[in-house]
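For reference, the structure is listed below as structure tokens.
The values are calculated or read from the model by the stated rules, or taken from the named source; none is laboratory data. This is a predicted model, so every value here is computed, not measured. All Cβ positions, glycine included, derive from the backbone under ideal geometry; neighbour counts span all protein chains shown. Each accessible area value is taken on the protein alone, full model and side chains, heavy atoms only, with ligands, DNA and RNA left out. Shrake-Rupley method; radii C 1.70, N 1.55, O 1.52, S 1.80 Å.
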Amino acid sequence: QVQLVESGGGLVQAGGSLRLSCAASGRTFSSYAMGWFRQAPGKERECVARISWSGADTYYAESVKGRFTISRDNAKNTVYLQMNSLKPEDTAVYYCAASLSATPAYMGQYHAWGQGTQVTVSS
């Protein structure tokens, strides 16, 4: 079972940038597709980006396309989310998650979750 720990959240002004990191334990990190999710108060958790085990395939929610970039370094057992041009509506707790599915489209296909990191964007 992979264990995940996110870091890099914080408070930033609108238009600013943050880079989230998710460090995974275990020797099979490269077997997992990885996703970044977020949940704002009173809203459902949503997938903002995901990346295949090799890094060759990525997906972005429309709301973040062109602003966020997901990447991974399998040698470091880490997945990243570079967030640029941040908006107040990006404020949420961000979670990384791992899936053994090749292209996990649903939350239920992710079986390991981090504890989350808060991102707050001020206007």
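Can you name the residue in segment 11-24 that is loosely packed, with under 13 Cβ neighbours inside 10 Å and not hydrophobic (A, V, I, L, M, F, W, C) and is also nearest to the chain's Cα centre (by Cα) among such residues?
If we take residues in segment 11-24 being loosely packed, with under 13 Cβ neighbours inside 10 Å and not hydrophobic (A, V, I, L, M, F, W, C), then Ser17 is nearest to the chain's Cα centre (by Cα).
Here's a check for you: in segment 72-108, which residue that is free of Cβ contacts under 8 Å to residues at least 40 places away in the same chain and under 15 Å from the mean Cα position of the chain (by Cα) is most open to solvent (accessible area, probe 1.4 Å)?
Here the residue is Tyr106.
I'm trying to understand the selection: among the residues of segment 43-53, which are open to solvent by 50 Å² or more (accessible area, probe 1.4 Å), touching a helix residue (DSSP H, G or I) at 6+ places or on another chain (Cβ under 8 Å) and either within 23 Å of Glu89 (Cα to Cα) or without any contact (Cβ under 8 Å) to a residue 24 or more places away in the chain (or both)?
Listed by number, the list holds a single entry, Arg45.
Taking segment 11-42 as the region of interest, how many residues are closer than 17 Å to Trp113 by Cβ and free of Cβ contacts under 8 Å to residues at least 40 places away in the same chain?
Summing the residues that are closer than 17 Å to Trp113 by Cβ and free of Cβ contacts under 8 Å to residues at least 40 places away in the same chain in segment 11-42 gives 1.
Would you check if Gly66 is of a type in the set (Gly, Ala, Ser), surrounded by 14 or more Cβ atoms within 10 Å (Cβ to Cβ) and outside any strand (DSSP E or B)? It would help to see each step written out before you state the result.
Working: of a type in the set (Gly, Ala, Ser): yes; surrounded by 14 or more Cβ atoms within 10 Å (Cβ to Cβ): no; outside any strand (DSSP E or B): yes.
Taking the combined requirement at face value, the residue does not satisfy it.
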